[in-house]
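Have a look at the structure below, then the notes.
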Amino acid sequence: MRLANKAAIVTGAGSGFGAGIARKFAAEGARVMVADIDAAAAEAIAREIGGVAQAVDVANAASVEAMADAARAAFGQVDILVNNAGITHLPKPMEEVSEDEFDRVFAVNAKSVYLTARAFVPGMKAAGTGAILNVASTAGLSPRPNLNWYNASKGWMITATKTMAVELAPHGVRVNAIAPVAGETPLLRSFMGEDTPEIRAKFLSTIPLGRFSTPEDMGNAAAFLCSDEAGMITGVALEVDGGRCI
Ligand SMILES: NC(=O)c1ccc[n+]([C@@H]2O[C@H](COP(=O)([O-])OP(=O)(O)OC[C@H]3O[C@@H](n4cnc5c(N)ncnc54)[C@H](O)[C@@H]3O)[C@@H](O)[C@H]2O)c1
């Protein structure tokens, strides 16, 4: 019960890594708000883990404010914020990504971190404690071709993590990131373009441990980084990548 007495919000928790993080947090004793743009998916995971469901578009300021109000009403103080919701454009040459696709990727993957900081950092500063976890990607550290603007959004997130960490350290708030390698979630197909044995084999050949990552892998790393066991760790981007970035 490493997260007993903690209240946590996990965005994008209706699916994939976010659901894995929400499940693990609940198993470790946290009260969890399962926040997702897909309200039905959020409801299903919340029901499963005994959490609170919240519909949110993390790219929209009013929606993020409404989520923060709901969290304060449900929990009082919010101890842990996981910025997990993320999207990608499909793999294609950088100049062929439309302006709309570019804007949406940056709104969901980057602007959301600013909007949730605006909504939750004042409360964490006032409490003198808190943990924020940003779900970045190996794409932000060791990018592949044809996912250019997605990769750049995750590089942005890693820099945001470090600068948030250094600014919030005097207030007792820790900020870390995880950098997952390609994982078994619905998003994987978008990264691969199409899901064929050949493309899977190509991705797997770059992962020394020889498998895709899982929502459970992210739950385990997130639970550690957001627990008091990681009390001396801030500003890291922890690769959860089977050795891909070596
Ligand atoms: N799966 C991978 O291979 C992989 C690898 C590295 C990093 N990541 C990152 O992990 C995170 C989670 O991805 P996943 O693979 O679990 O994807 P997923 O598609 O399974 O889950 C993402 C969830 O976010 C929600 N979402 C999308 N836009 C939203 C918005 N505007 N507001 C609120 N919720 C929104 C979706 O409804 C979905 O439930 C993302 O940030 C992604 O970039 C994924």
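The values are calculated or read from the model by the stated rules, or taken from the named source; none is laboratory data. Just so we're clear, the structure is a prediction, and the values are computed from it rather than from any experiment. Backbone-built Cβ (ideal geometry, glycine too); neighbour counts: all protein chains shown. What goes into the accessible areas is simple: the full protein's heavy atoms, side chains included, and nothing from ligands, DNA or RNA. Shrake-Rupley method; radii C 1.70, N 1.55, O 1.52, S 1.80 Å.
Near ALA7, within a Cβ-to-Cβ distance under 11 Å, what is the net charge of the other residues, with Lys and Arg +1 and Asp and Glu -1? Net charge in that neighbourhood comes out at +2. Under 12 Å from a point 7 Å along the Cα-to-Cβ line of LYS202: which residues of region 78-95 have their amide N that close? Inside the label zone: 91-92.
Electrostatic bookkeeping for PRO180 treats Lys and Arg as +1 and Asp and Glu as -1; over the other residues with beta carbon under 9 Å from its beta carbon, the sum is -3. The Cβ shell under 13 Å around LEU133 holds other residues with a net charge of +2, Lys and Arg each +1, Asp and Glu each -1.
Accessible surface area normalised per residue over region 7-239 is 42 Å², counting heavy atoms of protein chains with a 1.4 Å rolling probe. What's the carbon and sulfur percent of region 105-246's accessible surface, probe 1.4 angstrom, rounded to a whole number? Here carbon and sulfur together make up 59 percent of the probe-accessible area.
What FRET efficiency would be calculated for the residue pair ALA73, ILE233, taking the C-beta separation as r and a Förster radius of 35 Å, to the nearest 0.05?
So, using R0 = 35 Å, E works out to roughly 0.70.
Peptide packing: for 105-116, 61-72, the average count of neighbouring Cβ atoms within 10 Å per residue gives the ranking 105-116, 61-72, highest mean first.
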